[in-house]
Amino acid sequence: MEKEDVLILAIESSCDETAAAVVKNGREVLSNVISSQIALHTLYGGVVPEIASRKHIEKINQVIEEALKEAGVTMKDISAIAVTYGPGLVGALLVGVSTAKAISLASGIPLVGVHHIEGHISANYIENKELEPPFICLVVSGGHSHLVAVKDYGEYEILGRTRDDAAGEAFDKVARAIGLGYPGGPKIDKVSKEGNPDAIHFPRAKVVDAVYDFSFSGLKSAVLNYLNSCEMKGIEICQADVAASFQKAVVDVLVEHSMQAVEEYGLNKFAIAGGVASNSSLREAFEKECAARKIEFYHPSPIFCTDNAAMIGVAGYYEYCKGIRHGYDLNAVPNLRLGERI
């Protein structure tokens, strides 16, 4: 291992994935180990925070050991330990933060706390080696919908955010309502391919005083009202048409706001991130719109869209290079805002 190489051991436990990774020089992923709890939480129709926390405790040492082994390195090779400390489920975050602090204390290796959304944005650097700020990024996941101007590494301006449900949350709720179950995003994406996206017109919400903000609760209510109306009138519901029409309404809003931001800020680079960024219709829509406007379009592979530690390692690398270090008083911050430093 060459001396100038910076190796980050990254830990992610903000929701229901226990993950660890080793990232070299901010762009090369040497290992990326994820222990998913999806099957466990499917029984309850969503993530149960207490169960998630307990499962993280069971798995975290195992995934860290596996990540080091897969990367072919030992703790002596590691330059810093990066860990997600917010936002997320407080109990889940505490498992990762406590583990990272314990390893740092025992080894003397520097500790770097990482913002979860900053991690999602940084996932774009893994496979797109040429991508550098500034660019506009849309972060869409189960808990977040953010439109962000990435001014520099670790420097962000939030242009818009959701006023209510996050996009992924709306997918989960609608999937449950039409009988698809959890997790909603991948299931709606799959069923939509068999449906007509123009079969039902669902509303596209605009926030009058904030052009880049999102609101999906009205759309979710419109779907529920449609389902109830069909049931009362004895009309047969076509699951695929409802899924496709709902998905199109979400995609239309996300694309419209994003393209407006790219043009207004005069940038020719646009990226997507987060779990919903792996949605095939959303990707296709952005590919088409970006091509028409001659905008470079970047997106991570699906494995780096969902929660993972590799993205935390990338973000942690840039924080580490800027001299950011955290003490052993680092705590989980469930409502940490992007750009906020603790």
State whether the residues of the stretch 206-213 include one that is in contact with a His (Cβ under 7 Å, 6 or more places away or on another chain) and not charged (D, E, K, R). yes
Would you call residue 310 touching a strand residue (DSSP E or B) at 6+ places or on another chain (Cβ under 7 Å), over 22 Å from residue 190 (Cα atoms) and not polar (S, T, N, Q)? yes
Selected residue (only one of 249, 285 is assigned to a helix (DSSP H, G or I), closer than 24 Å to residue 213 by Cβ, touching a Leu at 6+ places or on another chain (Cβ under 6 Å) and small (Gly, Ala, Ser)): 249
Conditions (1) modelled with pLDDT of 95 or more; (2) out of contact with any Ser or Thr (no Cβ under 7 Å at 6 or more places or on another chain); (3) surrounded by fewer than 24 Cβ atoms within 10 Å (Cβ to Cβ): number failed by residue 272: (3)
Say whether the condition of being surrounded by fewer than 24 Cβ atoms within 10 Å (Cβ to Cβ), aliphatic (A, V, I, L, M), touching a residue at least 40 places away in the same chain (Cβ under 8 Å) and closer than 21 Å to residue 257 by Cβ is met by at least one residue in the stretch 163-185. yes
Over the stretch 89-108, the set of residues surrounded by fewer than 17 Cβ atoms within 10 Å (Cβ to Cβ) and in a loop (DSSP other than H, G, I, E, B) is 108
Residue list for the stretch 16-54, filter: among the polar types (S, T, N, Q) and either over 25 Å from residue 315 (Cα atoms) or within 18 Å of the chain's Cα centre (by Cα) (or both): 18, 32, 35, 36, 37, 42
Looking only at the stretch 193-209, decide whether some residue is part of a helix (DSSP H, G or I) and free of Cβ contacts under 8 Å to residues at least 40 places away in the same chain. no
Quickly run through the stretch 154-185 and pick out the residues that are closer than 27 Å to residue 313 by Cβ and over 15 Å from the mean Cα position of the chain (by Cα). 154, 155, 156, 157, 158, 159
If we scan the stretch 28-37, do we find a residue that is hydroxyl-bearing (Ser, Thr, Tyr) and not in a strand (DSSP E or B)? no
Hey, any hits in the stretch 166-178 for a residue that's more than 18 Å from residue 145 (Cα to Cα) and not in a helix (DSSP H, G or I)? yes
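The values are calculated or read from the model by the stated rules, or taken from the named source; none is laboratory data. The structure displayed is predicted, hence computed values, not measured ones. So basically every Cβ, Gly included, is an ideal-geometry build from the backbone, and we count neighbours across all protein chains shown.
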